[in-house]
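Below is one structure, written out as structure tokens; the observations come after it.
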Amino acid sequence: MPTYNPLLYLLSKLYDKATAYRNHRFDTGKKKMISFAVPSIAVGNLSWGGTGKTPMIEFLIRLLQGNYRLAVLSRGYGRQTRGFILAGESSSAQQIGDEPFQIYSKFGKSVSVAVGEQRVMAIPELIALRPETDIILLDDAFQHRYVKADAYVLLTTYQQPFFEDHVIPLGTLRENRQGAQRADVVVVTKCPSNLSMVEKARFRDEICKYTNNQDTPVLFSSLQYGEPYPVSRAAQSWTGKVLLVSGIADDTVLKKEVEERYTLEEVVTFGDHHKYSISDLRMLAEKWKKNPDWVLLTTEKDVTKLNVQAFSEFLEEIPIFALPMMPTFDASDQQLLQERLFMLLEDKLTDGEAN
């Protein structure tokens, strides 16, 4: 971390003061926060991306949808539209953003998915269109303080925990570490599956220095990858020789997983939320033509942007597979997460049932 750079240090201090002042105004009531009758769970982080927010939203959907009618509200980062949109059959990644579209593609038949930059305005519109909603999951909303959520789930990665990070541009934090005080639950994501109890205790001790509450649960999740499935018409057989392509914030864990399971021939890494172009597909097609026994393997997030009509010519030609993944908790951590969320939402859920 280049903490010795005087310019970066100065800029980091200035950004820190600005975000701290903003938080102080919300904490003291000088900036107004609005709470809604429908309970909400805010999932987010202190850093710029890469902590697994979308997989965690999907995990919460699976955890809660058997008992509650759910809606997901996202800003819709990277979309080509503005304003409130409720996802429907004609929606695309370009209209609502790649991550909301991924969620809609998986859960759209049972869960409402909407996007809106101004969530204070978007939530009433969502409730008006889906009045049966029991719980709203707010994606990437830890810093969106105009809405007062009923539960805050803070994510931080095992590879770069917030307590070892710094405010941008020295590091990746969007606010200083004290922001963890707002968390009702902290989840350390992307953990090794064999994480020791000693290491878990170390993380809990470090995190509790900033949550200022020994009762705030610190839970640990790992990524579980499924079997690759075909997403292009040319994907007829799996050879195990992989050209790995991704446009995510951090592909470290993904590359490690693919290396362990398959023959990783080459890696093409784009930036987070990369907008694929015809030239990108041509480049990938050329690589495949030189190695026709390879398969192109990518993430479900990237599939939402690759599997579109504009690239149909290449989908006929390149064997493209998606690698699904989801967070997993041990049984005790999952139970604690469920109990904690229910405790925080219980009053509003009970009121909703009474009405």
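May I ask for log10 I(q)/I(0) of segment 1-145 at q = 0.12, 0.16 Å⁻¹, from a Debye sum over the Cα atoms as equal point scatterers with solvent left out?
Values returned for q = 0.12, 0.16 Å⁻¹ are -0.56, -0.89.
Roll a 1.4 angstrom probe over the protein heavy atoms and tell me the percent of accessible area of segment 196-276 that is carbon or sulfur.
In segment 196-276, the share of accessible area belonging to carbon and sulfur is 46 percent.
Name the longest site-free stretch of the chain, where the excluded sites are trypsin sites (Lys or Arg not before Pro) in a DSSP loop with no more than 12 other beta-carbon atoms within 10 Å.
For trypsin sites (Lys or Arg not before Pro) (loop position, at most 12 other Cβ atoms within 10 Å), the longest site-free span of the chain is 110-355.
What are the extents of the Cα atoms of segment 98-169 along their three principal axes, in Å, largest first?
Computed over segment 98-169, the largest-to-smallest principal extents equal 43, 28, 21 Å.
Please compare each pair in Lys241/Lys305; Lys13/Lys148; Lys31/Lys305 to a cut-off of 32 Å on the Cα-Cα distance and tell me which ones are over it.
Over 32 Å Cα-Cα: Lys31/Lys305.
Let me check the size of segment 169-247 from its C-alpha atoms; what are the radius of gyration and Dmax in Å?
19.0, 54
State the volume of the convex hull built on the alpha-carbon positions of segment 269-355, expressed per residue in Å³ and rounded to an integer.
Residue-normalised Cα hull volume stands at 183 Å³.
Volume per residue, Å³, of the convex hull around the alpha-carbon atoms of the chain?
156 Å³
For segment 69-194, count the residues as N, evaluate 2.2 N^0.38 Å, and divide the Cα radius of gyration by that value, please.
Expressed relative to 2.2 N^0.38 Å, the Cα Rg reads 1.16.
Would you please state the base-10 log of I(q)/I(0) at q = 0.25 1/Å for segment 231-313, with intensities from the Debye formula using one equal scatterer on every alpha carbon?
Once normalised to I(0) and log-transformed, intensities are -1.51.
Could you compute how much accessible surface Thr216 exposes when probed at 1.4 Å, giving the result in Å² to the nearest 10?
Solvent-accessible area, nearest 10 Å²: 10 Å².
Give me the accessible area per residue for the chain, probe 1.4 Å, as a whole number in Å².
48 Å²
Restricting to the chain, what percent of DSSP beta bridges are antiparallel, rounded to 5?
Around 20 percent antiparallel, to the nearest 5.
With a cut-off of at most 12 other beta carbons within 10 Å, and DSSP calling the residue loop, which GluC sites (Glu not before Pro) in segment 280-326 qualify? Please list them.
Passing both the DSSP loop test and the Cβ count: Glu316.
Between Gly240, Gly116, Gly29, find the one with the highest GNM mean-square fluctuation for the chain; connect C-alpha pairs within less than 10 Å.
Evaluated over the chain, the most mobile residue of the options is Gly29.
Give me the angle, in degrees from 0 to 90, between the Cα long axis of helix 331-354 and the longest principal axis of the Cα atoms of the chain, rounded to the nearest 10.
60 degrees
In a shell of Cβ-Cβ distance under 11 Å around Thr54, excluding Thr54 itself, what net charge do Lys and Arg (+1) and Asp and Glu (-1) give?
-3
Can you give me the C-alpha center-to-center distance between segment 142-179 and segment 278-309, rounded to a whole angstrom?
34 Å
For every other residue with a beta carbon closer than 10 angstrom to the beta carbon of Ser222, add +1 if it is Lys or Arg and -1 if Asp or Glu, then tell me the sum.
For residues surrounding Ser222, the net value is 0.
Compute the angle between helix 252-261 and the longest alpha-carbon principal axis of the chain, please, reported from 0 to 90 degrees and rounded to the nearest 10.
50 degrees
Take peptides 165-172, 332-339, 87-94, 150-157 and line them up by average Cβ neighbours within 10 Å, highest first, as a rough protection proxy.
Ranked by mean Cβ neighbours within 10 Å, highest first: 150-157, 165-172, 87-94, 332-339.
The values are calculated or read from the model by the stated rules, or taken from the named source; none is laboratory data. Everything quoted here is computed from the prediction, not taken from an experiment. All Cβ positions, even for glycine, are placed from backbone atoms using ideal geometry, and neighbour counts span all protein chains on display. Just so you know, the surface numbers come from the protein's heavy atoms only, side chains and all, with ligands and any DNA or RNA stripped out. Shrake-Rupley method; radii C 1.70, N 1.55, O 1.52, S 1.80 Å.
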